[in-house]
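Laboratory data are not the source of any read-out in this text; all were calculated from the coordinates shown. The shown structure was predicted, so the numbers you read here are calculated from the model rather than taken from an experiment. All Cβ positions, glycine included, derive from the backbone under ideal geometry; neighbour counts span all protein chains shown.
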Amino acid sequence: MRAEGATMAAPIAITMGDPAGIGPEIVAKVLDAHAAEPLVAVGHRRAIEDLGLSLRHPLATLADPSEWRPGTIAVIEPPTPYRAPRIGVASPEGGTLAVAYLDAAIELARDGRAGAVVTAPISKEAVNLAGVPFTGHTEHIAQAFGVRGRERMLLVTDRLRIVHVTTHCALAGVSAALTTARVLETIRAAQQATMMLQDPRHRIAVAGFNPHAGEGGLFGDEEGRAIAPAVEAARAEGIDASGPWPPDTIFARAFAGEFEVVVAMYHDQGHIPAKLLGIELGINVTLGVPIVRSSVDHGTAYAIAGQGVARTESLERALRIAQQIIA
């Protein structure tokens, strides 16, 4: 129970993502299930109303998160006019609205009016169709705060945490992006993640880039040139880091409980093991930015959009992680 006279924490802002996908549906379902908690949807009310969902609580359009009251599905609309996209298709209309929702949520968090931002799925294709250069939520948020290059993606499942050195980068460019400085910054971010998630231990495994972690330089120089020096530098700072470890075994070792976090060198190296555990069970957290942001780790699911059958487990988990971090 909140003490008399205590002020309520700022609500968490949950973006609707691309309204042509499952975002508005899963956001409405989660807010309906948690109408007693300080949560606000950022998007257009019509994106939910047009779905015809059977909701237990009424929709309420707010001008500011401070107006939140329990018992409603609170919605804050951006100034961008609503142009209904074709459901289930990547389109400029959907991309425009998705970015408008994200930018509105960023501003709420920047001003302290939202305690955290949780994001529903967005389509990079749709956003680029709208004429906005966009490689992902993580990079867009970092750009908004002027910290581009310091952001990192943390994947979280029940038994596996993964931080990426590179994310939305073509495989052909990953090797050049692997520098000692960047790998070291990522190890530091992994250390931050273990503390943020209140892990009792902070063991960080650093994956190699090449098969067998390079086999002593036989299969590439990335391990010796960038990764091993970064691990040594991290250890000199007192961080419990080790590696580079062969990528084909290190995730299984972490899953078995040997490490708290794995540092992956590129997007799919980290995403494949995480998603193998269940796409609906994983979430991601943005590190290196001055706000708390968590997200589902699945896409817009255009194929089932508008059918009322989308599952909410990943969004629920993303919400719980955000609440845990800001508690």
Mean-square fluctuation check for the chain, GNM, Cα pairs under 10 Å: which of 200, 11, 70 is largest? 200
Take every DSSP beta bridge whose two residues both sit in the chain, then give the antiparallel share in percent to the nearest 5. 30 percent
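Given the alpha-carbon gyration tensor of segment 183-327, what are the semi-axes of its equivalent ellipsoid in whole angstrom, ordered largest first, with each equal to the square root of 5 times an eigenvalue? Write down the numbers at each step before the final one.
Values: eigenvalues 179, 75, 31 Å².
Semi-axes (√(5λ), whole Å): 30, 19, 12.
For the chain, what does the helix formula give at 222 nm: sum of -39500 (n - 2.57) over DSSP H segments with n ≥ 4, over the residue count, nearest 500 deg cm²/dmol?
Value at 222 nm, helices only, nearest 500: -10500 deg cm²/dmol.
Net charge near residue 244, counting Lys/Arg +1 and Asp/Glu -1 over other residues with Cβ under 10 Å of its Cβ? Before the final figure, lay out the partial values.
Values: positive: none; negative: 222, 223.
Every neighbour counted, the sum reads -2.
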Amide H to amide H under 5 Å from residue 292: which residues, 5+ apart in sequence or cross-chain, H placed 1.01 Å off N in plane? 117
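Any chance you could run the full-extension gain for residue 307 through residue 66? It's 0.36 nm times the residue separation minus the Cα-Cα distance, nm to one decimal. Provide the component values of the computation, followed by the final result.
Numbers: separation 241, 0.36 × 241 = 86.76 nm, distance 3.26 nm.
Additional length available on full extension: 83.5 nm.
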Starting from the Kirkwood Rh over alpha-carbon pairs, what translational D in µm² s⁻¹ does segment 52-130 have by Stokes-Einstein at 20 °C and 1.002 mPa s? 152 µm²/s
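Using the C-alpha atoms of the chain, what convex hull volume per residue, in cubic angstrom, is computed?
Convex hull volume per residue, Cα atoms: 139 Å³.
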Tell me, in nm to one decimal, what length is gained between residue 258 and residue 143 on full extension, where the rule is 0.36 nm per residue of separation less the Cα-Cα distance? 37.9 nm
